[in-house]
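The values are calculated or read from the model by the stated rules, or taken from the named source; none is laboratory data. Note that the structure is predicted; figures quoted are calculated from it, not measured. Every residue, glycine as well, gets a Cβ built from its backbone with ideal geometry; the counts of neighbours run over all protein chains shown. Note: accessible area is taken over every heavy atom of the protein model, side chains too, but ligands, DNA and RNA are not part of it. Shrake-Rupley method; radii C 1.70, N 1.55, O 1.52, S 1.80 Å.
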Amino acid sequence: MGIFSFRNCAIFALALALFLPYLTHSVFRFLSFSLDEIVGNIDPSVEDEVLAKRFRQKKVLIIGATRGIGRGIALNLARYGADVTIVGRNPIAGGDVVKNMKNISRNEEQIFKAYTADLSTTTGCKTFTEKLRNSGASYDYLVMTMGVWPDWKNRKTQEGIDKVVAIDLLGRFLVFDGVKSLLKPNARVMNVLGSAFKMKPLSKPDIKDLISGKNWDYIDPWNMMTAICYSADAFVVQAAKRYPEFKFIGTHPGIVHTELTKNTFPSWQIELNRIITSWLHLAISEEECGKIHALILSSENVEKRPATFFNFLLEGRRASDIAYDDEYGSWLWELIEAMSKRNYNIV
């Protein structure tokens with residue numbers, strides 16, 4: 001029958017299906033920064049009842065939770081008994097998420113709310129956070145997941161800032177700055193983006209140019225995403241230094257199928273990527289991603305450093321060198337503060 005018989009092909013396909021997840025994890029580990037021996041790894045076998053005890057009567061604010069990763073986190077935390085407030089641009093999608101959270105909630109006393117806000121501008125962020133402060137709310141956890149990839153048709157916001165910088169970095173700073181007075185002592189702040197993952201080898205000057213506006217005519221989207229992810233981790237480290245009363249967490253969610261890249265890559269390329277990553281077991285679902293982040297958010301490992309970083313494999317990792325660079329961190333903080341006050345001349 002030969003080497004390509006149906007039986008041999010079936011055995012090969014089965015072996016490949018069983019082996020690929022381990023290969024994928026090995027590649028991801030190879031592309032991650034070093035393990036953080038102090039923080040360690042999180043036990044993935046924590047039972048749902050334990051998580052329910054951790055989140056019972058806890059109040060969580062999730063920014064960017066009407067779809068994708070944020071939605072997955074919101075639904076998991078609702079299932080574990082938390083009161084969840086979500087924020088997104090689409091009021092209909094927000095209402096649907098609230099309805100779904102109510103359907104799977106652990107008890108009738110849980111409270112779910114949805115706010116509609118455009119967080120792509122400083123005005124939108126400040127208007128939303130002021131509204132939230134006036135509500136008298138308080139939170140045990142802040143989770144920020146909003147983000148975009150480069151949009152070639154509309155690269156900048158109405159304020160003239162590159163959209164990726166405006167939402168993935170400046171918007172998160174503005175949200176934290178606006179709601180930090182609502183966070184309880186020892187609250188945890190989670191920044192979900194691309195932590196602890198090796199990306200393109202860019203120099204510090206190159207990264208500064210991409211963040212500051214000197215190079216917002218970039219062609220390769222990976223240059224900007226590298227600069228943003230490394231800078232987001234620097235933001236986490238700097239925030240931990242400035243606000244020691246909170247614990248800060250950066251995460252890499254792994255590959256999760258979302259709509260974030262629809263304005264960056266051709267539709268055929270996105271669909272091909274979806275098919276390949278699904279077949280090769282490279283992607284995880286929103287539900288799986290939500291459970292992973294519930295484990296991280298409530299883990300004791302977070303207490304081991306002021307700022308900790310985890311990947312979707314629940315491994316404590318170190319971030320890029322520039323994340324711990326005090327000169328870059330101070331420069332970045334001053335820059336986004338100037339941007340937030342509109343006291344900044346876009347190059």
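Things worth noting here:
- The single condition among (1) over 17 Å from Gln238 (Cβ atoms); (2) at pLDDT 95 or above that Gly147 does not meet is (2).
- Condition broken by Lys184, with the remaining ones in (1) in contact (Cβ under 8 Å) with a residue 12 or more places away in the chain; (2) within 17 Å of Asp325 (Cα to Cα); (3) open to solvent by 10 Å² or more (accessible area, probe 1.4 Å) satisfied: (2)
- Options Leu297, Leu314, Leu272, Leu335; residue that is over 19 Å from the mean Cα position of the chain (by Cα) and modelled with pLDDT of 95 or more: Leu335
- Residue match in the range 27-39 (condition: surrounded by fewer than 22 Cβ atoms within 10 Å (Cβ to Cβ) and on the phi > 0 side of the Ramachandran plot): no
- Hits in the range 302-323 (condition: part of a helix (DSSP H, G or I) and touching a strand residue (DSSP E or B) at 6+ places or on another chain (Cβ under 6 Å)): Val302
- Which numbered condition Ile207 fails, given (1) touching a helix residue (DSSP H, G or I) at 6+ places or on another chain (Cβ under 7 Å); (2) open to solvent by less than 20 Å² (accessible area, probe 1.4 Å); (3) within 30 Å of Lys291 (Cα to Cα): (3)
- Residue list for the range 213-253, filter: over 19 Å from the mean Cα position of the chain (by Cα) and at pLDDT below 95: Gly213, Lys214, Asn215, Trp216, Asp217, Tyr218, Ile219, Asp220
- Filtering the range 197-211 to residues that are at pLDDT below 95 and either farther than 17 Å from Asp325 by Cα or of a type outside the set (A, V, I, L, M, F, W, C) (or both) leaves Lys198, Met199, Lys200, Pro201.
- Candidates in the range 254-269 are the residues that are at pLDDT below 55 and assigned to a loop (DSSP other than H, G, I, E, B); of these, the one that is farthest from Ile211 (Cα to Cα) is Pro266.
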